[in-house]
1. Quick one: which strands (runs of 3 or more DSSP E) sit completely within the range 249-348 and have at least 1 residues that are of a type in the set (Ser, Thr, Tyr) and over 25 Å from residue 154 (Cβ atoms)?
2. State whether one or more residues within the range 175-189 are modelled with pLDDT under 95 and assigned to a loop (DSSP other than H, G, I, E, B).
3. Are there any pairs with C-beta distances below 7 angstrom linking a residue in the range 152-164 that is more than 16 Å from residue 180 (Cα to Cα) and part of a loop (DSSP other than H, G, I, E, B) to a residue that is modelled with pLDDT under 95 and aliphatic (A, V, I, L, M), with the two at least 6 apart or on different chains, and if so which?
4. Of the residues that sit in the range 236-278 and are loosely packed, with under 14 Cβ neighbours inside 10 Å and of a type in the set (Asp, Glu), which one is nearest to residue 195 (Cα to Cα)?
5. Which one of 240, 223 is in contact with a Ser or Thr (Cβ under 6 Å, 6 or more places away or on another chain), over 28 Å from residue 122 (Cα atoms) and not acidic (Asp, Glu)?
6. Among the numbered conditions (1) over 19 Å from residue 131 (Cα atoms); (2) free of Cβ contacts under 8 Å to residues at least 40 places away in the same chain; (3) within 16 Å of the chain's Cα centre (by Cα), tell me where residue 344 comes up short.
7. Working carefully through the options 195, 242, 227, 209, find the one that is of a type in the set (Phe, Trp, Tyr), within 18 Å of residue 326 (Cα to Cα) and either in a helix (DSSP H, G or I) or in contact with a helix residue (DSSP H, G or I) (Cβ under 7 Å, 6 or more places away or on another chain) (or both).
8. Take the residues in the range 135-153 that are out of contact with any His (no Cβ under 8 Å at 6 or more places or on another chain) and closer than 18 Å to residue 332 by Cβ, then tell me which one is surrounded by the fewest Cβ atoms within 10 Å (Cβ to Cβ).
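The values are calculated or read from the model by the stated rules, or taken from the named source; none is laboratory data. Predicted model, so just to flag it, every value in this text is computed and none were measured. Neighbour counts run over all protein chains shown; Cβ positions are idealised from the backbone, glycine included.
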Amino acid sequence: MHKISRISLAFTGAILSASLLAACGDDNTMAAFNNVAQSSSEQAQPQDLSSSATEQAPASSADITSSADANSSAIIPGDISSSSEVSVPPTESSSSAATQENPLDPTCVETPVAEIPVDSLGLADIADAFKSVRCNEKAVFVIRHGERDDSQTGKETPLTYWEGEPDSVNGQPSDGVRQAIAVGKKLVSADEFTYTHTKYLRTEQTCFYIAQGRGQATFPHDSSEIYSISWYKKDKERYSFYEDSTTNVRLVIAGWAYDNLYADAFYDLKEKTEEIVKTHIAPDYATMNKFRVICSHDDFILPLSVYASNGTVNYRYHDPASRHWPYFLTGVAVIIDNNNQIRYVPFKGLGIGAE
């Protein structure tokens, strides 16, 4: 079971909101960010997101890190989400400790799995995947982060946020902050969600704003390096060779996941996916929280989606007739029942499923 850091949305919102503006060069905001961090250090320590962007080898469960535990008032920050009103769910949310003591509610009556509609790409809406989770099931939503600047890919690159009236694409929010809030609104329930993100600012922000969109009063979260394409890499030199020779790493990842091209650079898709599901994502029903969100990256979402759908989800970027790639806030719901049977639901968080 991961150690979870509980940091109030009030403090974390100030940190993340300030970091968004600081990334745009606002010196006053950067100073305010430093003051908030210093004055709040006794309550909570924000995670260090300034480490080198050098890629690390796949990690084991012992490599998963967490920040210090903290509890404080349930205040929803209003600076960025003022146009997105949310309500705080009832306080009778379940805890992981209670779940372990009583792994299945005695009033639970198992029902058939609901049929979930999918779009032309083979993706369900995250709201439908969420509603399909039965009383004897728990779910982990592995999801790509929200929109970032196309020209920036470093660890400190934040989600985009446009001041003023929200912009939209096909009726969907077009900045990363509002996208994550919109997805959070589809996941409202009395249950407390826990969160895991990679050590990138934009994935931590995505998890945070999903929690805000839910109206969740706390932000219990930890971080891990494993939820990226590094988990699947067997030979980094061959991977780099193929990336350089194709000049587009998307061609390499999609070609391997669907058609086993460039196979000498990767582990076996089925074996490696089943390993991460069974050891990190959904290891055992009795020890898991009812709901968890893992905020990750497109290079991890694609192979996970291909495995989860037996190749029916269309992210065939290497196919000239397709060129589809996972859009922001797409992912896979990993749903496990009290007999440790797992089902998968690839989903889109917004109305757009592919780039």
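1. Working: elements: 291-296, 330-337, 342-348.
So the answer is 342-348.
2. yes
3. 154/53; 155/49; 155/53; 156/49
4. The selected residue is 274.
5. Values: 240 fails: in contact with a Ser or Thr (Cβ under 6 Å, 6 or more places away or on another chain).
That would be 223, the only listed residue that is in contact with a Ser or Thr (Cβ under 6 Å, 6 or more places away or on another chain), over 28 Å from residue 122 (Cα atoms) and not acidic (Asp, Glu).
6. (1)
7. Details: 195 fails: within 18 Å of residue 326 (Cα to Cα); 242 fails: within 18 Å of residue 326 (Cα to Cα); 209 fails: within 18 Å of residue 326 (Cα to Cα).
The match here is 227.
8. The initial filter retains those residues of the range 135-153 that are out of contact with any His (no Cβ under 8 Å at 6 or more places or on another chain), namely 135-143, 146-153.
Still in the running and closer than 18 Å to residue 332 by Cβ: 137-143, 146.
Working: 137: 19, 138: 24, 139: 25, 140: 24, 141: 27, 142: 27, 143: 29, 146: 30.
Top of the filtered list is 137.
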